[in-house]
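Engineer: Here's a structure for you.
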Amino acid sequence: MPVSFRSIGAVALTALVALSADAQPRRGAASATGADSAASDSASGRLPIDGMRFRSIGPGSTSGRISDLAIHPKQSSMWYVATASGGLWKTENSGVTFAPIFDQQGSFSIGAITLDPNMPSTLWVGTGENNSLRSVAYGDGVYKSIDDGRTFTNVGLKNSEHIGRILVDPRNSDVVFVAAIGPLWSGGGDRGLYKTTDGGKTWNRVLGDSAWVGVNDVQMDPRNPDLMVASTFQRERRVWGQIHGGPGSELHRSTDGGKTWTRIRTGLPSGDLGRIGLSIAPSDPDVVYAVIEASGSGSGFYRSTNSGASWERMSSQSGLGLFYNEIFVDPTNKDRVYMVETNTSVSNDAGRTWTQVPSRNKHVDDHVVWIDPNNSEHIMIGSDGGLYESFDRGTNWRWFSNLPLTQFYTVALDNATPFYNVYGGTQDNNTVGGPSRTTNAAGIQNSDWTTIVGGDGFRAQIDPTDPNIVYAESQNGGMVRHDRRTGENISIRPQPAPGEPASRWYWDTPILISPHNPSRLYVGSQTLWRSDDRGNSWRTVSGDLTQAIDRNQLKMMGRVWGSDAISKWASTSYYGTILAISESPKQEGLIYVGTDDGLVQVTEDGGTTWRRTSSFPGVPDTTYVQRVFASNHDANVAYAVFNNHRSGDFKPYIVKTSDRGRTWTNISNNLPARGSVYGFVEDPKEPRLLFAGTEFAMYVSTNGGGAWTRMRGGLPTVQMRDLAIHARDDDLVLATFGRGFYILDDLAPLRTMVR
């Protein structure tokens, strides 16, 4: 059955999925440490906007990244589905319906979930995805529920940011271990293996250090829980690169419940190690498996038959540590092991040989496998495309189309009638488009959504004079012009002429239709490109607009690393690229450009001359420019949004110029200190009405940025990645990174509050 979302009328809750936590007021009740306290709503008095409700339009057709699963051991129809950026979901009927139960907490990204084996009504949730992606979201520690997920309490480790595993001692529910990987973008924080003996009231680090070495995974012998194996993990990621290992990445073993640890190297690679995933065979706990990321040729799949004391390399099979490196052993067959990667692999001979799990009609990029302890033919896999279930070990799959978890990078709107369409590029789920409303009494269906271009999707632009022409792109500037009437995609990526420097395309390349000519396009590499014939031909209208910093000379973890460092450039973008473009609707040729190394460049003559600014009030130098926005009302006014979370700085930064970029004023004001800004838009009809989307919430200002108020109606805690206003219909549309699209119908009431 398809998922249905909002129709023309009031918000409709379908029989398949609850779209708002407000429909179930007891579920996921906010803890005292929930995101963005009410005190931040407005220093000058909170706006009366509680009655304004956002509606979800999905889609469920793409779903999104699943990070972990927990199945109730006594009620097999009760599942908990943890997501990378869409919160925690629960079903009590084996997936016929799901409900979000974590929507009002302080985080939306989940790295690990564990049910207490003694009291399965107790849930332990570790926030912050346990991968190292450029799009990874961070958390605020460990949450505990003692009532099947109806309410949650944050019990600490609030600076851990990313959690890989939680284990509860089967002898004593008050004894819990948390593998805290720690901050990705900076040092410090709560990183390492933490132990509580009082149910989470206090924590003690028993492994790792406070600088760079966290713990990725930990396993406990079910016969003797004092015997443990853990993997430490040293890493840092920045805008320009990453180091995914080092001398701090090791395997360790404890025989006294974590009081003391022995470093294990027997049978392991001799050089630096990276991320290490672990799993114990439930049917024979002497057998422990490890998938190891290592320098040189040491990466591979390893086995211990003496509870981790020594190891043997079984094969060279390994996954990309940034994204995978997790393994799952069949509960009844110690030699059958699953390893998640782009397509999950399975070994039936203890890791010596591998075959791909059948994946017909299944999305790629897997992150978790659950094997039914009572029937090993019955498995579930969580991937970037949602949750899948099989009763024949993957020969056939059932996909759950009722989990609206799409991670949208951007939003774009057309002018179709009678209802405009909403488009967006997604993480690993294509660029898609669908209706903002429908006359179908059942609501918007999954079948109403169409794919424009495959791969990771990013910016989209729609011809304002012809809603059938959509410009879209995949990663690193893979731009196409799509005709909805024929389904044809024509590649329009600019190519440098012979002798010109190679283009540096960012992962999420900006593309813009000029507000003065629908045939004119602008795109950015390190230079600004212009086309006057819808992308058929291109010319550059600038030189290199970046600082052209050599990333090989930049430090990570306090020093410059050689090219042989683990995964140094894997899954990273070129550095020194254009991220944002905006042309003034009031003056043709007045263009603003923002770069990943902290510059805003302005031209008033279409690119002949440029004016550069590298310093902005309150903003650290070289901060990533997330968005630039030329005012709809005044040619002298523009806004720039800076996002410094890739340096471990989660503060919001919005600046405004009233003199075409010569001087700037910081208007971040009372936005919460924890919550980078991603999306920004100015109302096309009221210049003082501004909207900002942050890491955790949506904000509005009715006085030009003087003060900000949180907009709560119907919205979960989630990253508000991009914003757009439909000028004809007066709707505010949000692209969230983890919960699809939301729409606020009719901005007229907010315009009456402008002061």
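Engineer: Under 8 Å by Cβ, and 6 or more places apart or on different chains, what pairs join a residue from segment 613-624 that is in contact (Cβ under 8 Å) with a residue 60 or more places away in the chain with one that is open to solvent by less than 10 Å² (accessible area, probe 1.4 Å) and among the small types (Gly, Ala, Ser)?
Structural biologist: If the second residue must be open to solvent by less than 10 Å² (accessible area, probe 1.4 Å) and among the small types (Gly, Ala, Ser), the pairs left are Ser614/Gly598; Thr622/Gly598; Tyr624/Gly598.
Engineer: Among the residues of segment 102-149, what is the count of those that are outside any strand (DSSP E or B), closer than 24 Å to Phe650 by Cβ and not basic (Lys, Arg)? Talk me through it step by step, then tell me what you get.
Structural biologist: Restricting attention to segment 102-149, the residues satisfying the condition of being outside any strand (DSSP E or B) are 102-109, 116-122, 128-141, 146-149.
Filter again for closer than 24 Å to Phe650 by Cβ, leaving 102-109, 128-141.
If we keep only those that are not basic (Lys, Arg) too, we end up with 102-109, 128-133, 135-141.
The qualifying residues number 21.
Engineer: Counting only residues that are of a type outside the set (A, V, I, L, M, F, W, C) and buried (at least 22 other Cβ atoms within 10 Å of the Cβ), which one in segment 584-596 is farthest from Gln475 (Cα to Cα)? First the steps, then the outcome.
Structural biologist: Keep residues of segment 584-596 that are of a type outside the set (A, V, I, L, M, F, W, C), which gives 584-589, 592, 594-596.
This time we only want the ones that are buried (at least 22 other Cβ atoms within 10 Å of the Cβ), so: 584, 592, 594-596.
On the way: Ser584: 27, Tyr592: 23, Gly594: 19, Thr595: 17, Asp596: 16 Å.
So, considering only residues that are of a type outside the set (A, V, I, L, M, F, W, C) and buried (at least 22 other Cβ atoms within 10 Å of the Cβ), the one farthest from Gln475 (Cα to Cα) is Ser584.
Engineer: Find the residue count for segment 74-97, including only residues that are surrounded by 15 or more Cβ atoms within 10 Å (Cβ to Cβ) and of a type outside the set (Asp, Glu). Reasoning before the result, please.
Structural biologist: Start the filter on segment 74-97 by keeping residues that are surrounded by 15 or more Cβ atoms within 10 Å (Cβ to Cβ), which leaves 78-92, 95, 97.
Among the residues that remain, those that are also of a type outside the set (Asp, Glu) are: 78-91, 95, 97.
Total meeting the criteria: 16.
Engineer: Return the residue satisfying two criteria in turn: it lies in segment 198-219 and is in a loop (DSSP other than H, G, I, E, B) and small (Gly, Ala, Ser), and of such residues it is farthest from Pro285 (Cα to Cα).
Structural biologist: Applying the first criterion (in a loop (DSSP other than H, G, I, E, B)) to segment 198-219 yields 198-203, 208-212.
Going one step further and asking which of them are small (Gly, Ala, Ser), we end up with 199-200, 208, 210-211.
Details: Gly199: 26, Gly200: 27, Gly208: 25, Ser210: 31, Ala211: 33 Å.
In this case the residue turns out to be Ala211.
Engineer: Determine which single condition Val422 fails, assuming it passes every other condition in (1) in a loop (DSSP other than H, G, I, E, B); (2) under 30 Å from Gln626 (Cβ atoms); (3) within 24 Å of the chain's Cα centre (by Cα).
Structural biologist: Result: Val422 fails condition (1) only.
Engineer: Might you let me know whether segment 466-489 holds any residue that is open to solvent by 70 Å² or more (accessible area, probe 1.4 Å) and in contact with a Pro (Cβ under 6 Å, 6 or more places away or on another chain)?
Structural biologist: Looking for residues that are open to solvent by 70 Å² or more (accessible area, probe 1.4 Å) and in contact with a Pro (Cβ under 6 Å, 6 or more places away or on another chain), one finds none in segment 466-489, hence no.
Engineer: Only one residue in Asp103, Asp140 is open to solvent by 10 Å² or more (accessible area, probe 1.4 Å), touching a residue at least 40 places away in the same chain (Cβ under 8 Å) and closer than 30 Å to Trp507 by Cα, so which one is that?
Structural biologist: Details: Asp103 fails: open to solvent by 10 Å² or more (accessible area, probe 1.4 Å).
After ruling out the rest, the residue left standing is Asp140.
Engineer: Go through Ser283, Ser297, Ser310 for me and flag whichever is at pLDDT below 95 and open to solvent by 20 Å² or more (accessible area, probe 1.4 Å). Full working, then the answer.
Structural biologist: Numbers: Ser283 fails: at pLDDT below 95; Ser310 fails: at pLDDT below 95.
Result: Ser297 is the single residue among Ser283, Ser297, Ser310 that is at pLDDT below 95 and open to solvent by 20 Å² or more (accessible area, probe 1.4 Å).
Engineer: Kindly indicate the residue of segment 630-683 that is among the acidic types (Asp, Glu) and in contact (Cβ under 8 Å) with a residue 24 or more places away in the chain and also farthest from Thr694 (Cα to Cα) among those meeting that condition. Before the answer, list the steps.
Structural biologist: Looking only at segment 630-683, we keep the residues that are among the acidic types (Asp, Glu), and these are 634, 649, 659, 682-683.
Within this subset, residues satisfying the condition of being in contact (Cβ under 8 Å) with a residue 24 or more places away in the chain are 634, 649, 682-683.
Values: Asp634: 25, Asp649: 13, Glu682: 15, Asp683: 18 Å.
Of everything passing the filter in segment 630-683, Asp634 is farthest from Thr694 (Cα to Cα).
Engineer: Let me ask another. Sort out for me the strands (runs of 3 or more DSSP E) sitting completely within segment 292-378 that have 1 or more residues that are of a type in the set (Ser, Thr, Tyr).
Structural biologist: The strands (runs of 3 or more DSSP E) meeting that bar are 300-304, 312-315, 337-339, 345-347.
Engineer: Report the residue count in segment 490-527 for those that are buried (at least 21 other Cβ atoms within 10 Å of the Cβ) and among the acidic types (Asp, Glu).
Structural biologist: 1
Engineer: Now for a separate question. If you check every pair at least six apart or on different chains, which have Cβ atoms under 9 Å apart with a residue in segment 349-361 that is loosely packed, with under 12 Cβ neighbours inside 10 Å first and a residue that is of a type outside the set (Asp, Glu) and not in a loop (DSSP other than H, G, I, E, B) second?
Structural biologist: If the second residue must be of a type outside the set (Asp, Glu) and not in a loop (DSSP other than H, G, I, E, B), the pairs left are Thr355/Ser345; Thr355/Val346; Thr355/Ser347; Asn361/Trp399.
Engineer: A further question on this structure: Hey, Pro620 hits all of (1) in contact with a helix residue (DSSP H, G or I) (Cβ under 8 Å, 6 or more places away or on another chain); (2) over 17 Å from Gln547 (Cβ atoms) but one; which does it fall short on?
Structural biologist: Unmet for Pro620, out of (1) in contact with a helix residue (DSSP H, G or I) (Cβ under 8 Å, 6 or more places away or on another chain); (2) over 17 Å from Gln547 (Cβ atoms): (2).
Engineer: Please determine whether any residue of segment 518-530 is part of a loop (DSSP other than H, G, I, E, B), in contact with a Leu (Cβ under 8 Å, 6 or more places away or on another chain) and over 14 Å from Tyr471 (Cβ atoms).
Structural biologist: Step one: of segment 518-530, the residues part of a loop (DSSP other than H, G, I, E, B) are 518-520, 525-527.
So of that shortlist, the ones also in contact with a Leu (Cβ under 8 Å, 6 or more places away or on another chain) come out as 526-527.
Keeping just the survivors that are over 14 Å from Tyr471 (Cβ atoms) gives 526-527.
Within segment 518-530, one or more residues are part of a loop (DSSP other than H, G, I, E, B), in contact with a Leu (Cβ under 8 Å, 6 or more places away or on another chain) and over 14 Å from Tyr471 (Cβ atoms).
Engineer: Further question on the same structure: Can you tell me how many residues in segment 532-569 are open to solvent by 50 Å² or more (accessible area, probe 1.4 Å), among the polar types (S, T, N, Q) and part of a loop (DSSP other than H, G, I, E, B)?
Structural biologist: Going through segment 532-569 one residue at a time, the tally reaches 4.
Engineer: Hey, another quick one. One residue is enough: does segment 456-464 have a residue meeting the conditions modelled with pLDDT of 95 or more, of a type outside the set (A, V, I, L, M, F, W, C), open to solvent by less than 30 Å² (accessible area, probe 1.4 Å) and over 22 Å from Leu405 (Cβ atoms)?
Structural biologist: Scanning segment 456-464, I find at least one residue that is modelled with pLDDT of 95 or more, of a type outside the set (A, V, I, L, M, F, W, C), open to solvent by less than 30 Å² (accessible area, probe 1.4 Å) and over 22 Å from Leu405 (Cβ atoms), so the answer is yes.
Engineer: Which condition does Thr752 not pass, out of (1) in contact (Cβ under 8 Å) with a residue 24 or more places away in the chain; (2) open to solvent by 10 Å² or more (accessible area, probe 1.4 Å); (3) farther than 25 Å from Ser61 by Cα, if it passes all the others?
Structural biologist: All conditions pass for Thr752, except number (1).
Engineer: Can you tell me which residue among Ala707, Ala673, Ala724 is outside any loop (DSSP other than H, G, I, E, B) and either on the phi > 0 side of the Ramachandran plot or aliphatic (A, V, I, L, M) (or both)?
Structural biologist: Values: Ala707 fails: outside any loop (DSSP other than H, G, I, E, B); Ala673 fails: outside any loop (DSSP other than H, G, I, E, B).
Among Ala707, Ala673, Ala724, only Ala724 is outside any loop (DSSP other than H, G, I, E, B) and either on the phi > 0 side of the Ramachandran plot or aliphatic (A, V, I, L, M) (or both).
Engineer: Of the conditions (1) at pLDDT below 95; (2) at negative phi; (3) assigned to a loop (DSSP other than H, G, I, E, B), Pro494 satisfies every one except a single condition; which number is it?
Structural biologist: So Pro494 meets the others, but not (1).
The values are calculated or read from the model by the stated rules, or taken from the named source; none is laboratory data. Computed from a predicted structure; not experimentally measured. Counting neighbours? That spans all protein chains shown, and the Cβs are built from the backbone with ideal geometry, glycine included. The area values use the complete protein model at the heavy-atom level, side chains included, leaving out ligands, DNA and RNA. Shrake-Rupley method; radii C 1.70, N 1.55, O 1.52, S 1.80 Å.
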